[in-house]
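A short reminder: the numbers here are calculations on the coordinates, not readings from a lab. Since we're looking at a predicted model, the values are computed, not measured. Every residue, glycine as well, gets a Cβ built from its backbone with ideal geometry; the counts of neighbours run over all protein chains shown.
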Amino acid sequence: MRHTKVVSYRNVLTSAKPHKALTMGRKRDVGRNADGRISVRHKGGGHKRLYREIDFKYNKRDIPAKIETIEYDPNRSSFISLVCYKDGERRYVLTAKTMKVGDMMVVGENAEIKAGNRLPMKNIPQGTFVYNVELKPEGGAKIVRSGGSYAEIVAKDAPYVHLKMPSGEIHKIHENAWACVGVVSNDEHKLRNIGKAGRSRWLGIRPTVRGTAMNPVDHPHGGGEGKQGRGLRRAKTAWGKPSGKGQKTRAPKKYSNVFIISRRKTRKKK
């Protein structure tokens, strides 16, 4: 096992098999775009995964739902729960950290401020942790969905809510956008250690080669006799763009810049 550290699922998960009606086969893109060309490097291979259909729209309003199971999902870092609504319909949702089998959840404008419940952010008090946040009203949950993550409502300035993101950035989002109360489950995910190269390949992660180990034709850091420094003032990607080391990489004219109140911290850690 070498240095492998993984999350112990035995005390958390309650079902080994997914709900068949909410699963489907799916071909993974493995970093390719619509033309079949690699747009994200270091992806490919890995174990076959059965896809679970997750409800990010939460469009069943004011109907209580009961948590039936807490399950593992190979396609995401958080746990998922099978919930059964009062009308008998079952859906998969992301599990909040404190949710357990038998708990009730509800989606509604006047829902109780309780882990797993979902309501518009204008009705959620300041200082509350939220996840599964919409960027636009009725647009479906888009951000704060990975294991152990949460955002905090720090201020309200109608018609916007100021949200402190997991990165530390403070972002304005419309007050009519919906969010779930609580913290995403599986907060131990960030503590795992893959431990060996083979486990990375099982996860669909291909090897990463350092730029300094390449030739000049392949990377700006490449070339030189023996082990060399990069010879550049600032680190670059293979395409010559700034990367890492505390450099700002956000597009200067990105459409969402107007909604950012405070940028995330990019300085080097000491």
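Need one word for the range 164-249: rounded, prolate or oblate. Basis is the Cα gyration tensor (sqrt eigenvalues a ≥ b ≥ c); a/c below 1.5 gives rounded, then a/b vs b/c decides. Oblate shape, in that a/c is at least 1.5 and b/c is the bigger or equal ratio.
Provide 205, 54, 63 in ascending order of the number of other Cβ atoms located within 10 Å of each residue's Cβ, fewest first.
Numbers: 205 16, 54 19, 63 12.
Neighbour counts put them in this order, fewest first: 63, 205, 54.
What is the Cα centroid distance between the range 1-73 and the range 191-263, reported in whole angstrom? Here the two parts' Cα centres lie 27 Å apart. For the range 104-159, trypsin sites (Lys or Arg not before Pro) are listed when DSSP marks them as loop and at most 14 other Cβ atoms sit within 10 Å of their Cβ; the list is empty. Viscosity 0.890 mPa s, temperature 25 °C: give me the Stokes-Einstein translational D for the chain in µm²/s, with Rh taken as the Kirkwood radius over C-alpha pairs. Answer from the Stokes-Einstein relation: 115 µm²/s.
Quote to one decimal, in nm, the extra length available between residue 37 and residue 235 on full extension: 0.36 nm per residue of separation minus the C-alpha distance between them. Walk me through the numbers before you get to the answer.
On the way: separation 198, 0.36 × 198 = 71.28 nm, distance 2.54 nm.
Net length gain for the segment: 68.7 nm.
If the chain linking residue 205 and residue 142 were pulled fully straight, counting 0.36 nm for each residue of separation and taking away their Cα-Cα distance, it would gain 20.3 nm. Think of the chain as a dipole: +1 on every Lys or Arg Cβ, -1 on every Asp or Glu Cβ, centred on the Cα centre; then among 127, 184, 214, 214 lies furthest on the positive end.
Arranged from fewest to most other beta-carbon atoms within 10 Å of their beta carbon, 93, 40 become 40, 93. Sorting 165, 105, 1 by the number of Cβ atoms found within 10 Å of their own Cβ, with the fewest placed first, yields 1, 165, 105.
Between residue 256 and residue 49, the modelled labels are 2.1 nm apart [label points 7 Å from Cα along Cα→Cβ]. Note that the range 99-111 has calculated 3J(HN,Hα) couplings of 6, 9, 4, x, 5, 10, 9, 8, 10, x, 4, 10, 5 Hz, one per residue in order, obtained from phi through the Karplus relation 6.51 cos²θ - 1.76 cosθ + 1.60 (θ = phi - 60°); glycine and proline are x. Place a label point 7 angstrom from the Cα of residue 84 along the Cα-to-Cβ direction, then list the residues of the range 103-122 whose backbone nitrogen is under 13 Å away. Taking a point 7 Å out along Cα→Cβ of residue 84, the residues of the range 103-122 whose backbone N falls under 13 Å are 103. For the chain, a simple Cβ point-charge model (Lys and Arg +1, Asp and Glu -1, everything else neutral) yields a dipole of about 1780 debye relative to the Cα centre.
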